[in-house]
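Structure, as structure tokens:
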Amino acid sequence: MSQLMIKNLHVEVEGKEILKGIDLTVADHEIHALMGPNGNGKSTLLAAIMGHPKYTVTQGTIELDGRNVLEMSVDERSRAGLFLAMQYPQEVPGVTNSDFLRAAMNARRENPISLFAFIKEMEKTIQDLQMKPDLAHRFLNEGFSGGEKKRNEIVQMKMLKPSLAMLDEIDSGLDVDALKIVADAVNQMQQETGLGLVVVSHYERFYQLLKPTHAHVLINGRIVMEGDETLVQKIDQDGYDWLYQQLDLQPVKEEVKLTFTLGSCAASARGRKHD
């Protein structure tokens, strides 16, 4: 059984504390909806788990299957089974999708995957995501539409087969058809492998397709309420105002934005400490 355990996590960026004591446990077969108004720390939490160098953990622990994640470099976190589908996937000119993914897969294996097996698996995954057949030969995300970039993140997730994946607004920029394609691919992998998921989205439609087992509302760097799918539905219907009033909370300014991206977490498996 795979399990990510976060205890009393405090994270700051450029001297400003963003996360102020997060406790969260995610096991395989679970889907956790991570909600909250913009600027309250959702992306910060995912980036800190993955090891973004701009985010400094000042207190608390992150463990994956009993191993100290904070002692791992980004590529070690990826090989340990963590994956982050980026909100803003990075373009990598000159590197094809196939070269990128095969290198990332081989970094996780004792014996390199054969070219035949790799091509067969990639072709099937591209078909599952209903992307253009030439995807393997295109430079990573270069010239991709917003929706293509998001679907390509899911291609990478399915090929790398992590034990726990974090989806940071992977649904933004997707039309209705693409949203269902992505959700179906995520659900299929979750059912086949028991993948644990943390999903950040502002749209109840995406959560309807994924059916979260747990829901968490993050405001001002803290998880202020937890529940199940019914909490997602209430937030969709009533927004967050009732929570501010009920818990006597004050709105905060938007969180510090990333000045550069990790690239895909798959990229870290190529042996670089940080992208």
Nearest 10 degrees, 0 to 90: helix 146-160 Cα axis against the chain principal axis: 70
Neighbourhood net charge (14 Å Cβ-Cβ; Lys/Arg +1, Asp/Glu -1) for Ser145: -1
Principal axes of region 156-236: Cα extent on each, largest first, Å: 35, 27, 20
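What full-extension length gain, to one decimal in nm, is calculated for Gln233 and Arg205 as 0.36 nm per residue of separation minus the Cα-Cα distance?
So the chain would gain 9.1 nm between Gln233 and Arg205.
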FRET efficiency, Val95 to Lys124 (Cβ-Cβ, R0 22 Å, nearest 0.05): 0.50
Karplus (6.51, -1.76, 1.60) ³J(HN,Hα), θ = phi - 60°, over region 76-81, in Hz, Gly and Pro reported as x: 5, 5, 5, 5, 6, x
Cα-based helix-to-principal-axis angle, 229-238 vs the chain, degrees rounded to 10: 70
Residue among Ile62, Ile119, Ile223 with the largest mean-square fluctuation in a Gaussian network model of the chain, springs linking Cα atoms under 10 Å: Ile119
Over region 73-199: Kirkwood hydrodynamic radius from C-alpha pairwise inverse distances, Å: 14.8
Amide hydrogen neighbours beyond the local backbone of Val95, cut-off 5 Å, H modeled: Leu140
GNM result for the chain, Cα springs below 10 Å: residue of Met86, Met166, Met72 fluctuating most strongly: Met72
With all protein chains modelled, accessible area of Glu17 [1.4 Å, Å²]: 80
The chain: mean projected area of Cα convex hull, nm²: 13.8
Contact order normalised by residue count of region 138-218, Cα under 8 Å, 6+ apart, percent: 33
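Per the 1.4 Å probe, what fraction of the accessible area of region 1-147, in percent, lies on carbon and sulfur atoms?
47
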Within the chain, percent of DSSP bridges classed antiparallel, to nearest 5: 60
Nearest 10 degrees, 0 to 90: helix 176-193 Cα axis against the chain principal axis: 80
Gain on full stretching of the segment that runs from Thr58 to Thr213 - 0.36 nm per residue minus C-alpha separation: 52.8 nm
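The values are calculated or read from the model by the stated rules, or taken from the named source; none is laboratory data. Predicted model only: the values in this text are computed from it and were never measured. Neighbour counts are summed over all protein chains in view; Cβ atoms, including those assigned to glycine, are modelled from backbone coordinates with ideal geometry. Heads up: the accessible areas ignore ligands, DNA and RNA and are worked out on the full protein's heavy atoms, side chains in. Shrake-Rupley method; radii C 1.70, N 1.55, O 1.52, S 1.80 Å.
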